[in-house]
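To start, the structure itself, in structure tokens.
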Amino acid sequence: MAGESNVQASSPLELTGLGPLDQKLSMAKRCGHEGVVAGARAAVVATVASAVPTLASVRMIPWARRNLNPTAQALIVSLVAGSAYFIVADKTVLATARKNSFQNLHP
């Protein structure tokens, strides 16, 4: 089509078709997406890592059998998964933002 240009760059900082605000918005979206993906992976691993011992202890340990009903078991597993998600997502977003801010200082 006439008037449209195909902008391809090797780095997000080299985009010529976007203004500085659009570059920052694009970088922030990418940063957030990386955090979500890393957090989701950590949540899956944490779910398995907490569900196996929780379910095994309910079947093997008499105290756990008496005191941990299915709601408590679900709460333990979901708390660990949620914590892992937010901790890893936050650390990933901060690390990516820090890396990108240092890239802007040294062109």
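Of the accessible area of the stretch 40-100, computed with a 1.4 Å probe over protein heavy atoms only, carbon and sulfur atoms account for 73 percent. For the pair L55 and L75, label points projected 7 Å from Cα toward Cβ lie 2.1 nm apart. With R₀ fixed at 22 Å, the C-beta to C-beta distance from R98 to R41 puts the FRET efficiency at about 0.60.
The values are calculated or read from the model by the stated rules, or taken from the named source; none is laboratory data. Just so we're clear, the structure is a prediction, and the values are computed from it rather than from any experiment. Neighbour counts run over all protein chains shown; Cβ positions are idealised from the backbone, glycine included. Heavy atoms of the whole protein, side chains included, go into the accessibility calculation; ligands, DNA and RNA do not. Shrake-Rupley method; radii C 1.70, N 1.55, O 1.52, S 1.80 Å.
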